[in-house]
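The values are calculated or read from the model by the stated rules, or taken from the named source; none is laboratory data. Bear in mind the structure is a predicted one, so any value in this text is a computation, not a measurement. Cβ: placed from backbone, ideal geometry, glycine included. Neighbour counts: every protein chain shown.
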Amino acid sequence: MAIAKALPLATVPSPFLARRRRQLLLAVPVFALLALLPLLVRDVYLQNVLVLTLMYAALSQSWNILGGYCGQISLGHALYFGIGAYTTSVLFVNFGILPWGGMLAGGVLAVLVALLLGYPCFKLRGHYFSIATIVIAEIGLLLVHNWDYVGAAMGIQWPFGPDSWATLQFARDKVPYFHLALGLFAITWLVTWVIEGSRWGFWWRAVKDDTEAAQSLGVEVFRSKMAAAAVSAFFTAVGGAFYAAFVSYIDPESVMSFRFSLLFALPAVLGGIGTLWGPAVGAAVLIPLTEITRSYLGGNGSGLDLVIYGVLIMLVALARPEGLLSLLPRPRAAGEGGR
Amino acid sequence: MNRRELLLGGAAALSLAAAPRARAQAAEVPVGLIYPMSGANAQIAADARAAYETAAEVINTAMDLDLPMARSVGIPSLGGARLKLIFADHQADPQKGRSEAERLITQDKVCAIVGAYHSSVATTASVTCERYGVPFIAADSSSPSLHRRKLSYFFRPAAHDEMFSEAMFDFMDAQRKKGVKIETIALFHEDTIFGTDSAATQTKLAQERGYRIAADIKYRANSPSLTAEVQQLKSADADVLMPSSYTTDAILLVKTMAELGYRPRNIIAQAAGFSERALYDAVGDRLGGVITRSSFSIDLAAKRPAVARVNEIYRAKANRDLNDNTAREVMALLVLADAINRAKSTDGAKLREALAATDIPGEQTIMPWSRIRFGADGQNTSADPVLVQYVGGKWVTIFPEAAAIAAPVWPMNG
Amino acid sequence: MTTQALLQVLASGLLMGLLYALIAVGLSLIFGLMDVVNFAHGDFLMVAMYAAFGLWFFTGLDPLLAAPLVTGLLFVLGALAYLGVVRFAMRARSNAGMVQIFATFGLAITIQGLAQFLFTPDYRSIGQSWLGERTINLGGLFLPLPQVYGGVVSVLTFAALYLLMSRTDFGKALEATREDQGAVALVGIDRNRVFALGWGLGAALVGLAGAVLAIFYYVHPQVGGPFSTIAYVVVALGGFGSIFGALVAGVIVGLIEALATTILPPALKSIGIYSLYLAVVFLRPRGLFGRL
């Protein structure tokens, strides 16, 4: 790689740190180029697809922290997404608190809920854990669906206002949302990068690979899982807050249904689970595929768009069971560093 | 439904997929239609598609019918330009509805958007239209919250759910005046916007007009089983059962009532599933005497001759009669075409002006409405609903008396 | 609520629960064999219901008689799903479980799309069956015959399944393969063949359930959704891989679902099932009868 070659080798203390620095140096131009993308893509519809792609990249990156690095496969992250979306909407619509505050509040609330739920749930293993996460998220959906204060089935409509970064409302312009989603993705990426090099990162991977062995080596398994869940839930809720501002209308089904839980996990699996760039690569393939098959083939209602979409998903999964990142000529995926 | 129809349906789906895109004509006015083309309500969208194609046929070809834009070819003031329908799939997701509306406006340059069945999707799509200055016509989204948002590009020719519920209670009041005993009602509604809105209005009306609510059952849409819910209805044994359910749950409700030996004395339904043919194909024999509110009644043909002809065209496409939803859809497109003609333009602001100035007498509709004239909020207040009763395998208008063809069968089982 | 109404709720819950067990057991079987959660399970159910409907529609065959045909058809579908999709997903060196979820999710969407394409999204239901809409009235306690038939089929199937797993070579091969996939190769058992047969059997069971369900439930391309959620909970509650567990858990879920409506608002009745699942696994992390 050109950037890697440009590095003065003498300053690199070890191969592991060298690779981490390379990752960071690679990320900077990638994010910079991404930020310029709206200059190329002027079409509002395609910009919308890009916003969704970046949003799901960020959300999948958040999911990846718990699911990919720590190995706890949650299929209930729609709960945290919903907490973020609803906290932000309720605070903004009922109390006039700007979505930036709601974003933070939603994130904190999601962390509390994640810790509360993690306490009993992290005793569960494998599929028992996954089903428990599905079930808890469904309970959350049903409660919100019947909770009049938050609009129940009616949902919450954000008031119309002028374009503003304070309220995150832009009537036609998608570019601000694009940059916001990009920022969100960049932050989740950076957090993941920091974690990879930290003690937590090593602990989580140890928990994922072999929980018993990790325990015997002195890794605090339970605390590791709780920490991963907290970080993951926080950013998922922030993503939910973004989505609420982006759509400016939420209802229970449109932010808390199981579909979302799956959509957070799928890009990571598709791109490469437990890797730095996997969720982004997965989202970059999956989300445009989803949107474009629906928009350009779904209008006739024949169901063929679903067939094409489903077959493509199967093909990708089967052709590259390790994730799309494994197509890269590198011998080892980035996230496997440090083993 | 018979075997041939099923085969035909499959063949139609095949040919639809294989057909090359129709060659663009010189003068076309693109109109966007957003519907749940896939997912649990995809059949609604399939029927809607046939309804809009029916309306487009009425507009685009010369027909001797007393309907807006029927006698001319296309839009006369735009040199006979034809309406071109562009359908998009929103999958019942407000976000997708919004982005599809945006795509139709910016890429396909549609002059208006019509939709969207789900009120949640109509919420976001109509806001998008407002932001782009393009009219949104709610053909069949009936949540009253929609027209209360003071959108200036929102129009709804048909009634909203409160008007429907009021008609139901007006009917019961009229029955009472005739000396029929109606004391208790049972509400049975799903947990969506449609169901909860409907039940909230009915609860309010029941309290105002002195009906006791013997049971108020909110259930989860698409439940695998409704046994326990129906058991509660049976225990309550109200004089009138008032369901607000879509087709799937309506089928299950009727079957479960039969299984548990519960025969309600009367059913007055909030349309939806109770105006869909699939329900009557499945359990029609158990639904003799069921009453539903409606925007439309097929026996209106006796008073408005255009109804029969439009229904014929629709039947040829969809293999079923027009119903509450599909009639509203046909009418929505006719209203739009009328406005485009008067606007002499597809410009959003001019079209909005023309829509706001709409004044179509009831005789020029296929509906029982007295007229189409929009209030400042975009709601047509003259869209009087009717109640129809399923008698001998046919729909008969029974209320209001001005529109009624026959007296109601009460109780429903005679 | 009167005693009679309560009895009615319990009876209906029991019958529905037996059917839930039958829907779920195939999922549990496949899971026990190879640790795969099949996300297309609900769509297998949908295919089976369409098959029963189609046979009745085109040939007038009563769904009672169509059941063996539907079961056979689903056996083929299940085996093909393994040979055509899951087998490849299992090649993943890491996270095979997630890859399988992903692949079967793709399969589910494909099946739904095909159903919409071939059958249109209209709601279908079988008009006539011997049992259709008949009900036994035991002094005010109503037992709908289609559900009673479903319950009987379910119990018989579980008995047959028990015999199959404990008394036949095929059952022993399944058992051995799930115990130790490497070792069975040494004794000449073709792992792929056993897996394909296991998937066939799992799908055949849900096929049977679909043939029963189609008598009294409507069919459309999305009909599998609500049932598959229940099936996952039943399987996990009973303990992954435990056939007996699926039976017990199915019945419990059916009863709790019915009873929950007497305490909770009906729209929240699923919370009863979900809470029960959580309560059980928090106390007993391997479900009622699962192995860790």
One residue is enough: does segment B:166-182 have a residue meeting the conditions within 14 Å of another protein chain (Cβ to nearest Cβ), under 22 Å from B:Ala138 (Cβ atoms) and without any contact (Cβ under 8 Å) to a residue 40 or more places away in the chain? no
How many residues of segment B:110-130 are in a loop (DSSP other than H, G, I, E, B) and modelled with pLDDT under 95? The answer is 3
Restricting segment A:248-257 to residues that are farther than 16 Å from A:Leu91 by Cα and facing chain B (nearest Cβ under 8 Å), the one surrounded by the most Cβ atoms within 10 Å (Cβ to Cβ) turns out to be A:Ser254
Hey, can you tell me all the residues within segment B:34-46 that are within 11 Å of chain C (Cβ to nearest Cβ) and either modelled with pLDDT of 95 or more or in a loop (DSSP other than H, G, I, E, B) (or both)? B:Pro36, B:Met37, B:Ser38, B:Gly39, B:Ala40, B:Asn41
Segment C:134-151 - residue that is small (Gly, Ala, Ser) and in contact (Cβ under 8 Å) with a residue 60 or more places away in the chain and, of those, surrounded by the fewest Cβ atoms within 10 Å (Cβ to Cβ): C:Gly140
Report yes if C:Ser12 is under 18 Å from C:Gln147 (Cβ atoms), within 13 Å of another protein chain (Cβ to nearest Cβ) and buried (at least 24 other Cβ atoms within 10 Å of the Cβ), otherwise no. yes
Which condition number does C:Ser129 fail, the rest of (1) more than 14 Å from chain A (Cβ to nearest Cβ); (2) in contact (Cβ under 8 Å) with a residue 40 or more places away in the chain; (3) assigned to a helix (DSSP H, G or I) being met? (3)
Residue hits (segment B:119-138; within 9 Å of chain A (Cβ to nearest Cβ), surrounded by 24 or more Cβ atoms within 10 Å (Cβ to Cβ) and out of contact with any helix residue (DSSP H, G or I) (no Cβ under 6 Å at 6 or more places or on another chain)) are B:Thr123, B:Val127
Does A:Pro279 satisfy the criteria of being closer than 17 Å to A:Ser232 by Cβ, part of a helix (DSSP H, G or I) and either more than 8 Å from every other protein chain (Cβ to nearest Cβ) or of a type outside the set (Ser, Thr, Tyr) (or both)? yes
Name the one entry in A:Gly239, A:Gly274 that is out of contact with any Asp or Glu (no Cβ under 6 Å at 6 or more places or on another chain), at pLDDT below 95, buried (at least 19 other Cβ atoms within 10 Å of the Cβ) and of a type in the set (Gly, Ala, Ser). A:Gly274
With respect to C:Phe102, is the statement that it is under 30 Å from B:Asp89 (Cα atoms), under 22 Å from the mean Cα position of the chain (by Cα), at the interface with another protein chain (Cβ under 10 Å from one of its Cβ atoms) and in a helix (DSSP H, G or I) true? yes
Give the residue that is farthest from A:Phe222 (Cα to Cα), with candidates limited to residues of segment A:116-128 that are in contact with a helix residue (DSSP H, G or I) (Cβ under 6 Å, 6 or more places away or on another chain) and aromatic (Phe, Trp, Tyr). A:Tyr128
Output yes when any residue across segment A:191-207 is closer than 18 Å to A:Ala268 by Cα, within 14 Å of another protein chain (Cβ to nearest Cβ), in a helix (DSSP H, G or I) and at pLDDT below 90, and no when none is. yes
Across (1) within 13 Å of chain C (Cβ to nearest Cβ); (2) assigned to a helix (DSSP H, G or I); (3) out of contact with any Asp or Glu (no Cβ under 6 Å at 6 or more places or on another chain), B:Ala258 clears everything bar (3)
Taking segment A:70-98 and keeping only residues that are surrounded by fewer than 24 Cβ atoms within 10 Å (Cβ to Cβ) and away from chain C (no Cβ under 14 Å), one is left with A:Val90, A:Leu91, A:Val93, A:Asn94, A:Phe95, A:Gly96, A:Ile97, A:Leu98
Boolean, A:Phe264 is touching a Leu at 6+ places or on another chain (Cβ under 7 Å) and either within 14 Å of chain C (Cβ to nearest Cβ) or acidic (Asp, Glu) (or both): yes
How do the pairs read when you match residues in segment A:141-169 that are more than 11 Å from every other protein chain (Cβ to nearest Cβ) with residues anywhere that are in a strand (DSSP E or B) and of a type in the set (A, V, I, L, M, F, W, C), using Cβ under 8 Å and keeping only pairs 6 or more apart or on different chains? A:Val150/A:Ile156
